[in-house]
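Shown next, in structure tokens, is the structure this report addresses.
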Amino acid sequence: MVIWLAGLVLPAFAAVHPMHTAVAELVHEPATREVIVTIRAFADDFGTAVGADGAAAAEVYVRPRVTLADPAGQPIGLRWEGITRAGDIVQIRLRGEAPDGLRGMRVRMTLMCERFEDQVNIVRATYAGRTTSLLFTRGDQAKALP
């Protein structure tokens, strides 16, 4: 009975996803000396924030809200590599040069924070044999990776 009920209730909760969240993964590739940024967000939340103007509008929306800077504060240029949708999730891909790795890099991830008061964004960074996470909510500024 409980399993059958969970089969009905859990999909309903997933459909309304009472939390507003996005997750970004930063991976440093020493061979290419680049950082790959992959962001996943709920498609309906992202669409509400961006509107229905397509990939060009998505890029314009994302660029000022997802930023990287080296430890000296110099911005890291991120190349737009596209956005795809799979079911209820959008995936956004960016790439930039990070010749010195990610240690000390300043990260900002404020997607949809202006739209949803309870927005929580998680950045998971993998570099130099370690993985660390940063948490961003409304009002947060850039944070340094250890």
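The values are calculated or read from the model by the stated rules, or taken from the named source; none is laboratory data. Here the structure is a predicted model, which means the values were calculated and not measured. Ideal geometry is used to build each Cβ from the backbone, glycine not excepted, and the neighbour counts take in all protein chains shown.
At a glance:
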read-out: Count - residues of the range 124-146 that are among the hydrophobic types (A, V, I, L, M, F, W, C), surrounded by 15 or more Cβ atoms within 10 Å (Cβ to Cβ) and either touching a Phe, Trp or Tyr at 6+ places or on another chain (Cβ under 7 Å) or part of a loop (DSSP other than H, G, I, E, B) (or both); value: 2
read-out: Hits in the range 58-97 - residues which are touching a strand residue (DSSP E or B) at 6+ places or on another chain (Cβ under 9 Å), without any contact (Cβ under 8 Å) to a residue 60 or more places away in the chain and of a type in the set (Ser, Thr, Tyr); value: Thr84
read-out: Number of positions in the range 116-145 that are in contact with a strand residue (DSSP E or B) (Cβ under 6 Å, 6 or more places away or on another chain) and either of a type in the set (Phe, Trp, Tyr) or in contact (Cβ under 8 Å) with a residue 40 or more places away in the chain (or both); value: 12
read-out: Some residue of the range 90-102 being surrounded by fewer than 12 Cβ atoms within 10 Å (Cβ to Cβ), basic (Lys, Arg) and within 17 Å of Gly47 (Cα to Cα); value: no
read-out: Residue check, Val23 modelled with pLDDT of 95 or more and either β-branched (Val, Ile, Thr) or in a loop (DSSP other than H, G, I, E, B) (or both); value: yes
read-out: Residue in the range 103-110 that is more than 17 Å from Glu25 (Cα to Cα) and among the basic types (Lys, Arg) present; value: no
read-out: For Gly101: the one exception among (1) more than 15 Å from the chain's Cα centre (by Cα); (2) of a type in the set (Gly, Ala, Ser); (3) closer than 21 Å to Gly139 by Cα; value: (3)
read-out: Selection within the range 104-123 - under 14 Å from the mean Cα position of the chain (by Cα) and in a strand (DSSP E or B); value: Val107, Arg108, Met109, Val120, Asn121, Ile122, Val123
read-out: Per-region count, the range 50-91, residues part of a strand (DSSP E or B) and either modelled with pLDDT under 95 or farther than 16 Å from Ala125 by Cα (or both); value: 12
